Amino acid sequence: MIRSALKNKCPVQVLLLLLLATATKSSAQQFGGNPPSIKWEQVKTPAAKVIFPKGLDSLAFEVADIIRRMNDAIKPTIGTKQKQVSIVLQNQTTVANAYVGLAPFRSEFYLTPEQNSFEIGSLPWASQLSIHEFRHVQQYNNFNVGFSRFLRILFGEGGQALGNDLAIPNWFFEGDAVFNETLVSEQGRGRLPYFFNGYRALWAAGKDYSWMKLRNGSYRDYIPDWYPMGYMLVAYGREKYGDNFWRKVTQDAAAFTGGVYPLQHAVKKYAGVSYPQFRNDALDHFKKEFGSDGKNTNLPEHFVANEEYPAFVNDSTLIYMKSTYDRLPAFVIKTGNKEKSIRTRDASLDNYFAYHNGKIIYAAYRSDLRWTYRDYSELQLLDVATGKEKRLTKSSKYFAPDFSPDGKTIVAVQVGPSGKSEIHLLSAVGGKRLQIVANSDKLFFTYPKFYGEDKLISAVRNVEGKMSVAEIDIKTGQVKYLVHFTFEPIAFLKVKDNLVYYTQSGWVDDLFCYDLVSGKKYWLPNPENHGAIGYYQPAVAEHKLAWVGFTADGYKITEINRKSVEWFEVKDAINSSVTPDMGIAALHNNAAAHLLDSVKQQPLPVAKYPKTYHLFNFHSIIPTISDPDYSIAIIGENVLNTFQSQISFGYNRDEGYKDIGFDAIYGAWFPFIRMGLDYTIDRKGFFKTGNIYWNEVNIHGGLQFPFNLSRGRQITGLSFGTDVYYSQANFHTADIGSSRYTYLNNYVRFATHIQQARQNIYPRFGQSISLNYKNAITGLTASQFLASGNFFFPGLAINHNLVINAAHQQKGDDNQIDFTNSFPFARGYVAENLYSMNKIGADYHFPIAYPDKGAANTIYFLRLRGDLFYDCSRVSDAFTVGEHHRSFRSAGAAIFFDTQWFNQVPISFGFRYDRLLDPDVFGGSGRNRFEIILPVAVF
């Protein structure tokens, strides 16, 4: 993040800020994230180099073949340019995700799938990632045209990223990729009703939000993200204007052929209607597809809370997960209309939990102590009566746990680094693994439940990605499939009284029930008068049925008497794998339709991937203008993200000096290794009767020890290290010799805070502490110690924060040089590096308004927030004869604007008024100061 007191910020600097943000925002990877024990291998095709941990050969072959076939079949719909991309398969993390990014150009697949098959679908996870993410590769390859190409020539890959993001909205990038996954497979999110729930709920509630609000989101209302919006616009464009429509539109847009708002101009050019009309027509198409949804206009004005995964204690008492925009997700218990919080949930990848006889079991997320690509999903056992929690498993990768009927055993899905899915049985007392259930059919298990003591019921995915409900013998692993396999996702199982309740997709997401005794399947239609979308997460008591539906104000639980539920017997058709197309015939009228069906694992030559390959990999040029300093940096980062490097060139207008520098950090080992070299030419200083000039060389190297101590509800990081700096000054004047010295820079940084809800300005509790000690070890005498910290506390209201900041800096008694000054001086004053400095300050942050308003599709205001502050710096130095102590106090207020620019780039900025309560003896005039500020990240 960037912080400055910008008094004369010119427009070009805003552009450069956007360039920096764009060049880094897509880098979802973690620096130095993999342990050195991983051996990397690679397979190559003209379109992609697939890099993978040793042992995942077959998965790499599958990814490579999908990409090869896709590249041949669908390239014409976006363009024919091709540049090989590096794709890294990450198998150490439990997070289901992937990305393609410029600056540098690479992709990473995180190989652990989600349990919820409605979220992304049930296709084999590597296949799903390949057909979605490679479309982004094709986009970037073909958007390097016109003005975007000019920016790439000037600024490298970061320049193209800036041009593409300014010209082509994020809804197109993701909507086009979702269309691609829907086109080439039997599934894809464009065929899943769940994917459209957000917009369906808004339409059912009659919430007619503005286009800018739909694009930018809100702190007080539910707004779907840009994925479904993008799919609807892209799919309608393909349906109405043909497969080449978006190729022509995006080529013009990336080249900025239409000038300002180039995509909007290109849509009008090739569609023959205005951009607003095109948007409305596209959304209207899908609104008609879901026209049978019940109306739900009796809702609160703004989002209240999500209520998920209900579990009956008895007919009158429910436990569920509740999450709001201003409070963290928590387990709550509700009897009648009385709701009570049990405990705030630990950090988790989803909100799923299971309940039995006063106990809750769920999977909590925990990071590895050192390796940021390695994390865990550990089972937590919560006592409802006491609110106390116990960790059952450590360093595990368990998902969707549930209790046995007697509560003594836990069943859970394990997905390890190999990608293999297993069902484990564990002791509910100590978490000891009791058994691994055999899996001869190579199934992927989701939401397993006990059926008696010797059987399990689970939703399963086969190797094609089709789903069924399976009855599994615990001892033998023998599987009986209760329903035919289908591409319609199945999830959220509940077993009670020889009945299996589950949600299955189709034209809508409906509740079904399978009778384990009679073998009959029943459809339980959603009562239309309840007005929510979908029929998810069923819970069953003696006389009650509860489920979750989606509304414009989030997930809501509905309860009804079981006797009032209608049951209709249905025949389970063998050919029920046909998923809906939502009225988009273009999904069928294309040579690439259902291409995934023909993909096979074709072995390719496997070679070792050297960890030092293309180590520097300079990809972007980032200029910085902060008068009087002007600089330009060439940024490098290797594909495995274990080495980051930078070559910089700078000029200081005040002194006229020039400098060139090189900095690098290597993170493949533990600790990190840091190194750098700076050479400054023609530095200037006043000495005796005039200016003297010198050249300066600075060399540094050191070790950094980073630790991630996050656990439970706390996000905690610790980093410490030491750098050795060698400095030599060679003076141009003959009577002054050279000066050289060596010093150590020792530092400790610690930060911890609780999780943060959407509306919270800062975490309600947290600390950020930094210690730094510099001392010369050769050549001269000098030392400097700095301690600073920020301490976060709740304010008078839920979204208010009181922040106390303190600092102390002490220089040595006989210092011969001054080290760099990072002391946070009282705001408003011109700061100097003095002998001894102390500071205490307080800020009170609070929200003012949530405008949800924008202008000209350029800037959108999400939130206005205020800050009242008081600072006091007490310093000691020889100011005048007999005066050694002074106070510098200030107070003031600031207003911050949390905004989105160009409907997708978040930028916060503010204006601050400082009232100086003491004279500013170091510069400036008057007691009133005004500043433009960019907030700094404190964690």
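The values are calculated or read from the model by the stated rules, or taken from the named source; none is laboratory data. Predicted model only: the values in this text are computed from it and were never measured. FYI the Cβ positions are ideal-geometry reconstructions off the backbone, even for glycines, and counts take in every protein chain you see.
Look at residue 781 and say whether it is of a type in the set (S, T, N, Q) and either on the phi > 0 side of the Ramachandran plot or under 38 Å from the mean Cα position of the chain (by Cα) (or both). If you could, list the steps in order and put the result at the bottom.
On the way: of a type in the set (S, T, N, Q): yes; either on the phi > 0 side of the Ramachandran plot or under 38 Å from the mean Cα position of the chain (by Cα) (or both): no.
Criteria not met by residue 781.
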Original post:
Which residues, taken from segment 124-135, are aliphatic (A, V, I, L, M) and in contact with an Asp or Glu (Cβ under 8 Å, 6 or more places away or on another chain)?
Top reply: 126, 131
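For residue 464, indicate whether it is surrounded by 21 or more Cβ atoms within 10 Å (Cβ to Cβ) and either assigned to a loop (DSSP other than H, G, I, E, B) or of a type in the set (S, T, N, Q) (or both). Before you say what the answer is, go through the steps one by one.
Working: surrounded by 21 or more Cβ atoms within 10 Å (Cβ to Cβ): no; either assigned to a loop (DSSP other than H, G, I, E, B) or of a type in the set (S, T, N, Q) (or both): yes.
Answer is no for this residue.
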Original post:
Tally time: how many residues in segment 404-461 are touching a Pro at 6+ places or on another chain (Cβ under 6 Å) and assigned to a loop (DSSP other than H, G, I, E, B)?
Top reply: 0
Original post:
Within segment 600-613, is there a residue that is surrounded by 14 or more Cβ atoms within 10 Å (Cβ to Cβ), touching a strand residue (DSSP E or B) at 6+ places or on another chain (Cβ under 8 Å), free of Cβ contacts under 8 Å to residues at least 24 places away in the same chain and closer than 29 Å to residue 671 by Cβ?
Top reply: no
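Restricting segment 829-845 to residues that are part of a loop (DSSP other than H, G, I, E, B) and of a type in the set (A, V, I, L, M, F, W, C), which is farthest from residue 930 (Cα to Cα)? First the steps, then the outcome.
Kept after step one, since they are part of a loop (DSSP other than H, G, I, E, B), are these residues of segment 829-845: 829-835.
Narrowing the set further to residues that are of a type in the set (A, V, I, L, M, F, W, C) leaves 830-831, 834.
Values: 830: 13, 831: 16, 834: 24 Å.
Filtering first and then ranking leaves 834.
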**OP:** Restricting attention to segment 846-856, report how many residues are outside any strand (DSSP E or B) and touching a strand residue (DSSP E or B) at 6+ places or on another chain (Cβ under 6 Å).
**Re:** 2
Original post:
For residue 449, all conditions in the list (1) closer than 23 Å to residue 392 by Cα; (2) without any contact (Cβ under 8 Å) to a residue 24 or more places away in the chain hold save one; what is the number of the exception?
Top reply: (2)
**OP:** Return a yes/no flag: does segment 216-225 have any residue that is at pLDDT below 95, surrounded by 15 or more Cβ atoms within 10 Å (Cβ to Cβ), under 30 Å from residue 527 (Cα atoms) and in contact with an Asp or Glu (Cβ under 7 Å, 6 or more places away or on another chain).
**Re:** no
Original post:
Residues of segment 246-302 being surrounded by fewer than 16 Cβ atoms within 10 Å (Cβ to Cβ), of a type in the set (S, T, N, Q) and part of a helix (DSSP H, G or I), which ones?
Top reply: 277, 280
Original post:
Inside segment 477-539, counting only strands (runs of 3 or more DSSP E) that do not spill past its ends, which hold 2 or more residues that are of a type in the set (S, T, N, Q)?
Top reply: 499-504
Original post:
Which residues, taken from segment 53-75, are more than 21 Å from residue 179 (Cα to Cα) and among the aliphatic types (A, V, I, L, M)?
Top reply: 56, 59, 60
**OP:** Go through (1) within 22 Å of residue 312 (Cβ to Cβ); (2) modelled with pLDDT of 95 or more; (3) of a type in the set (S, T, N, Q) one by one and return the number of the condition residue 526 breaks.
**Re:** (2)
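Which ones in segment 770-808 are part of a loop (DSSP other than H, G, I, E, B) and either under 28 Å from residue 899 (Cβ atoms) or in contact with a Ser or Thr (Cβ under 7 Å, 6 or more places away or on another chain) (or both)?
779, 795, 796, 797, 798, 799, 800, listed by residue number.
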Original post:
Out of 508, 483, which single residue is under 30 Å from residue 131 (Cα atoms) and in contact with a Lys or Arg (Cβ under 7 Å, 6 or more places away or on another chain)?
Top reply: 483
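Check every one of the strands (runs of 3 or more DSSP E) wholly within segment 544-632 and list those with 2 or more residues that are within 30 Å of residue 183 (Cα to Cα), touching a helix residue (DSSP H, G or I) at 6+ places or on another chain (Cβ under 8 Å) and in the same structural domain as residue 503 (by TED's automatic domain parsing).
Details: elements: 544-551, 554-561, 568-570, 618-626.
Of the strands (runs of 3 or more DSSP E) lying wholly inside segment 544-632, those with at least 2 residues that are within 30 Å of residue 183 (Cα to Cα), touching a helix residue (DSSP H, G or I) at 6+ places or on another chain (Cβ under 8 Å) and in the same structural domain as residue 503 (by TED's automatic domain parsing) span 544-551.
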Original post:
In segment 663-708, what residues are surrounded by fewer than 15 Cβ atoms within 10 Å (Cβ to Cβ) and more than 17 Å from residue 738 (Cα to Cα)?
Top reply: 669, 688, 689, 690, 705
Original post:
If the Cβ limit is 8 Å and pairs must be 6+ apart or interchain, which residue in segment 497-509 that is surrounded by 23 or more Cβ atoms within 10 Å (Cβ to Cβ) pairs with which residue that is of a type in the set (S, T, N, Q)?
Top reply: 503/537; 504/486; 505/579; 509/503
